[in-house]
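Shown next, in structure tokens, is the structure this report addresses.
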Amino acid sequence: MPPQPPHFHIAIAGSGFGGLGMAIRLKQEGLRDFVIFERAHDVGGVWRDNSYPGCACDVQSHLYSFSFAPNPAWSRAFSPQGEIHAYLRDCADRFGIRPHVRFQHAVREARWDDTRQRWHIETSEGPYTADVFISAVGGLSEPAVPEVPGLARFQGKVMHSARWDHGYALSGRRVAVIGTGASAVQFVPAIQPQVDRLLLFQRTPPWVMPRKDRPISEGLRRLYQRMPGAQRLTRGLIYALREVLALGFMNPWILKLAQRRALRHLKQAIPDPALRAKLTPNYTLGCKRVLVSDDYLPTLAKQNVDVITHGIREVREHSLVTADGTEHPVDAIIFGTGFHVTDMPIAHHIHGRGGRSLVEVWGGTMKAHLGTSVSGFPNLFLVLGPNTGLGHTSVILMIESQLEHVLGALRYLEGRGLAAVEPTPEAQAEFIQHVDTRMADTVWMQGGCVSWYLDATGRNSTLWPGFTFTYRRRVERFEPSEYVAIFPHGHRLAALPAPSRNLAHA
Ligand code: NAP
């Protein structure tokens, strides 16, 4: 008989905020039989991978951190990437997570074995099995590079913002930046002073609001150190203020007020009316992610920056050619073109009952019960799964709600001696219906833009259309009546009564 692969009760893919948070909560609950598969050599997820100049979080650090692991030492309101990465590394050490991590283990495939009722996980370093599989790879892990004709023959440097080559010196170069999203608005001001010319290829102008970043004083940091309650209060205030913003996404007319503020910011930063016209969005603020930056727009007014709004027709050995026929010589191309989000790459590799993959079951639009579990996929949990993204505040709040749900499921499995659970198709459909209904009137659907929030079918399968506290209330408690119970001998029981809470009022 071939040797059995190593077995764990729980296998987690990814060691970013989702995977580490899950591991910490498991340990806090006394669960130790788990492994984390991490494809890289270090923990940190997107905060390890995105090291581009100027990278920082656009949500205040006091909120963009675990509630169960406060960091009184944040240096700025919006801390830079290095500090967030260091925070995650520190969490891994502080909570003793590192021994659980198998570094440089990329998950190639996870397949539910209905006979043995466990997940068979193929990693780059060999097979494993687990009773429960938790995918915490997030939605922003696979860089998207558009297929620009001729790109392969370009002789200069090509990189994506999430795979920055710090060994490549930009100084004195002519640099093309493609994309004007949340990443580009951070690295464009950081690289502009070094480069000879910066050619910014903009397809759609983003709405930009001032960020108002500031250092957190020594005194305040000491206070947070000595009085954790003061830091909790700060976090609570930031939380409450940001939660109010959710009202805007649900009532687009409120956003018109914010638009006025953004237009004032644009006018102050860009005196030239022709350039200002190029940078003025023609859709409602909020339809795409609202960008926050104090220095992006002023940077675009600098003499070594050109904002180019013609589409890119082709790339040649040393240049880009735009739709108007102009040839733009460049030494380097930097893609700030985002990630594969609505086509979640890992979904091709997760196979549930009957061998069908998530991609096959989803048929072009991601759907999960509470954004966390999927009918037909026993003991699978997705941290930051479909419809758990946010436009207004910290996704760590969503992650923490999901972690409690998973812990509830694990307790239920253990308490009832079950082999597995999976959501009933009815509960999942009811949840999706609720999300879609709430989504219909939001700015994401009505704002007059095309965004990565929408998938190929036109559904918004990425964002949560509401407050984070409604999500938390709905998700943190595991509700057995919404799940099929699978017993060790294979018997399935979906007998429990219909969901006890009316989703329409969640
Ligand atoms: P993104 O928001 O998806 O922006 C991609 C940009 O590339 C857009 O301007 C897009 O234009 C453009 N683009 C895409 N394909 C193109 C093509 N074929 N030709 C020309 N332009 C093209 O990507 P991102 O800036 O990397 O940000 C992704 C997400 O990461 C953000 O939305 C946010 O959730 C997260 N993020 C967060 C932070 C933070 O501080 N927390 C920082 C950075 C990123 P269109 O608008 O026309 O599509």
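Condition check: at pLDDT 95 or above, on the phi < 0 side of the Ramachandran plot and within 16 Å of the ligand (Cβ to nearest atom). Does H9 satisfy that?
no
Just to check your reading of the model, which residue among I134, I121 is away from the ligand (no atom under 16 Å from the Cβ), touching a strand residue (DSSP E or B) at 6+ places or on another chain (Cβ under 6 Å), assigned by TED's automatic domain parsing to the domain that holds W452 and within 19 Å of P2 (Cβ to Cβ)?
Sole residue among the options that is away from the ligand (no atom under 16 Å from the Cβ), touching a strand residue (DSSP E or B) at 6+ places or on another chain (Cβ under 6 Å), assigned by TED's automatic domain parsing to the domain that holds W452 and within 19 Å of P2 (Cβ to Cβ): I121.
Identify, please: which residue in the stretch 1-19 is aliphatic (A, V, I, L, M) and in contact (Cβ under 8 Å) with a residue 40 or more places away in the chain and is, among those, farthest from P345 (Cα to Cα)?
Filtering the stretch 1-19 for residues that are aliphatic (A, V, I, L, M) and in contact (Cβ under 8 Å) with a residue 40 or more places away in the chain, the one farthest from P345 (Cα to Cα) comes out as I10.
Taking the stretch 143-152 as the search range and keeping residues that are part of a loop (DSSP other than H, G, I, E, B) and surrounded by fewer than 18 Cβ atoms within 10 Å (Cβ to Cβ), which one is farthest from the ligand (Cβ to nearest atom)?
G150
Just give me the residues in the stretch 355-396 being buried (at least 22 other Cβ atoms within 10 Å of the Cβ) and in a helix (DSSP H, G or I), in sequence order.
Listed by number, the list holds a single entry, L358.
All but one of (1) under 26 Å from the mean Cα position of the chain (by Cα); (2) over 20 Å from G14 (Cα atoms) hold for W112; which doesn't?
Every listed condition holds for W112 apart from (2).
Restricted to the stretch 44-72, and to residues that are in a loop (DSSP other than H, G, I, E, B) and farther than 25 Å from S217 by Cβ, which residue is nearest to the ligand (Cβ to nearest atom)?
N50
Residue by residue, here is whether (1) part of a loop (DSSP other than H, G, I, E, B); (2) crowded, with 17+ Cβ neighbours inside 10 Å; (3) in the same structural domain as Y168 (by TED's automatic domain parsing) holds:
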site: D294; (1), (2), (3): yes, no, yes
site: P298; (1), (2), (3): no, no, yes
site: D306; (1), (2), (3): no, no, yes
site: V315; (1), (2), (3): no, yes, yes
site: L320; (1), (2), (3): no, yes, yes
site: G325; (1), (2), (3): yes, no, yes
site: H328; (1), (2), (3): no, yes, yes
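How about the stretch 206-290: which helices (runs of 4 or more DSSP H) wholly inside it have at least 3 residues that are touching a Leu at 6+ places or on another chain (Cβ under 8 Å)?
Ranges flagged: 228-250, 252-269.
The values are calculated or read from the model by the stated rules, or taken from the named source; none is laboratory data. Bear in mind the structure is a predicted one, so any value in this text is a computation, not a measurement. Cβ sites come from the backbone with ideal geometry, for glycine too, and all protein chains shown count toward neighbours.
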